[in-house]
1. Would you call Ile139 modelled with pLDDT of 95 or more and within 30 Å of Gln50 (Cα to Cα)?
2. Mind telling me which of the residues Ser136, Ser105 ends up being under 18 Å from Ala38 (Cβ atoms), surrounded by 11 or more Cβ atoms within 10 Å (Cβ to Cβ) and of a type in the set (Ser, Thr, Tyr)?
3. The conditions are (1) surrounded by fewer than 16 Cβ atoms within 10 Å (Cβ to Cβ); (2) over 29 Å from Ser111 (Cα atoms); (3) at pLDDT 95 or above, and Tyr83 fails exactly one of them. Which is it?
4. Pairs, please: C-beta under 9 Å, at least 6 apart or cross-chain, first residue more than 20 Å from Ile73 (Cα to Cα) and without any contact (Cβ under 8 Å) to a residue 24 or more places away in the chain and in region 128-154, second of a type in the set (D, E, K, R) and assigned to a helix (DSSP H, G or I)?
5. Does Arg97 meet the test of being modelled with pLDDT of 95 or more, under 21 Å from Pro151 (Cβ atoms), in a helix (DSSP H, G or I) and of a type in the set (Lys, Arg)?
Amino acid sequence: MRHLFLFAALTTGLAASAQNTNDLVEIFRSDLRTEKRAIVLANLGLTEEQSKAFNPIFDQYQTAMKAHWDKRIQLIKDYADRYTNMDEATAKSLLTRLNTLEKESLSIRNSYEKKMMKVLPATVVARWSQIEGRLSKLIDLQISDEIPLMPTKN
C-alpha cells in the first residue's frame, strides 16, 4: 500500500507533462479506491442487507472525497511550485487553504455518518467512521513524511 502513498512525491517531483500527471492521479485514485473499499468492507462485517444499504452511500462518499482530494492535490502542487521561492503571503494562503481542507474533510465525513445512521445501526456507522479515520490518518502521515516542512526566512 506504500506505493499509493508516494503519489504526492511523484506528482510534485516529476517533470512530467500535465497529461502524464493526470494519468498518475487517475492510477492513484483507482488503486486507492479499490484497496480502500476492500479494507473497509473486510473490517465492517456487514450483513447482506446492510451491504445493500451501505454501498450506495459509500459510493457517494467516495465521490465527494474525490472532489476534496482534487483540492488537496492542487494544494500540494502549489506548495511544490512555490517551495524554493516561498514568501509570507503565499505561506499564509497555503496555511489557510490547508486548514479549510481539513475542516472540509471532517464535514464531509460527518455528513455521510448522518446519512448512514438513517439506514444502518449506530455501531456499524461508528465502526466505519473509525476505519475511515484510521485510513485517513495513515494517508496523511505518509504524505506528510514525503513533503518537506515549510522553508523559513530568518
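The values are calculated or read from the model by the stated rules, or taken from the named source; none is laboratory data. If you're wondering where the values come from, they're calculated on a predicted model, not measured in any experiment. A quick note on method: Cβ atoms are made from the backbone with ideal geometry, for glycine too, and the neighbour counts reach across all protein chains shown.
1. Numbers: modelled with pLDDT of 95 or more: no; within 30 Å of Gln50 (Cα to Cα): yes.
So Ile139 fails the test.
2. Step by step, each of Ser136, Ser105 is checked, and only Ser136 is under 18 Å from Ala38 (Cβ atoms), surrounded by 11 or more Cβ atoms within 10 Å (Cβ to Cβ) and of a type in the set (Ser, Thr, Tyr).
3. So Tyr83 meets the others, but not (3).
4. So the pair list comes out as Ser129/Arg109; Ser129/Glu113.
5. Values: modelled with pLDDT of 95 or more: yes; under 21 Å from Pro151 (Cβ atoms): yes; in a helix (DSSP H, G or I): yes; of a type in the set (Lys, Arg): yes.
Yes.
One line per residue, one yes/no per condition, for (1) surrounded by 12 or more Cβ atoms within 10 Å (Cβ to Cβ); (2) closer than 20 Å to Leu32 by Cβ; (3) over 11 Å from the mean Cα position of the chain (by Cα):
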position: Gln62; (1), (2), (3): yes, yes, no
position: Met65; (1), (2), (3): yes, yes, no
position: Lys92; (1), (2), (3): no, no, yes
position: Arg97; (1), (2), (3): yes, no, yes
position: Leu101; (1), (2), (3): yes, yes, no
position: Arg109; (1), (2), (3): yes, yes, yes
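To keep it simple, each residue is scored yes or no on (1) in contact with a Gly (Cβ under 6 Å, 6 or more places away or on another chain); (2) closer than 21 Å to Ile139 by Cβ; (3) β-branched (Val, Ile, Thr).
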residue	(1), (2), (3)
Leu32	no, yes, no
Glu35	no, yes, no
Leu46	no, no, no
Ala80	no, yes, no
Thr84	no, no, yes
Asp87	no, no, no
Lys92	no, no, no
Asn99	no, yes, no
Leu106	no, yes, no
